[in-house]
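Notes to accompany the following structure.
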Amino acid sequence: MAVIYGITVLPFPTQRASGANYGAAGFGAAAPPANGALDVLRSGYIMTTLAGATPAGKGGPVYVWIAASSGPHVQSGFESTPTTGSTIALAGNTTFNGAADAASIVEIAFNG
């Protein structure tokens, strides 16, 4: 059984070295960068784009799309509904703090 350790996040403000691998894959990449600073969020909050067509609700479970990107579904994107074989649920007390705004930005709480 695989265990999710946390969500990798880029430190803010983001500083990228010219020509370095750090950040070369862009935001939302499925694999972490090969070098450079890397933070892992295990407890706290993030603001991110909600993928998929189903709205998030306060206290609702959070899923991550693990299949290849397809339509509105982006690999490693956060979703509000499960899709068999394409999403995994984030364990623990990981929930949405409310519905997404008009730009599909949603807040997710990670409570270890």
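Structure data summary
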read-out	value
Highest-first arrangement of 96-104, 44-52, where packing means the average Cβ count within 10 Å	44-52, 96-104
Cα pair distances exceeding 16 angstrom across the stretch 33-109, given as percent	49
For ILE46, net neighbour charge (Lys/Arg +1, Asp/Glu -1) across residues whose Cβ lies under 15 Å away	-3
log10 of Debye I(q)/I(0), alpha-carbon scatterers only, for the stretch 69-112 at 0.18, 0.27, 0.28, 0.34 Å⁻¹	-0.62, -1.17, -1.20, -1.27
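FYI, it's all coordinate maths here, none of it is from the lab. Since we're looking at a predicted model, the values are computed, not measured. Don't worry about glycine lacking a Cβ; one is built from the backbone with ideal geometry, like all the others, and counts go over all protein chains shown.
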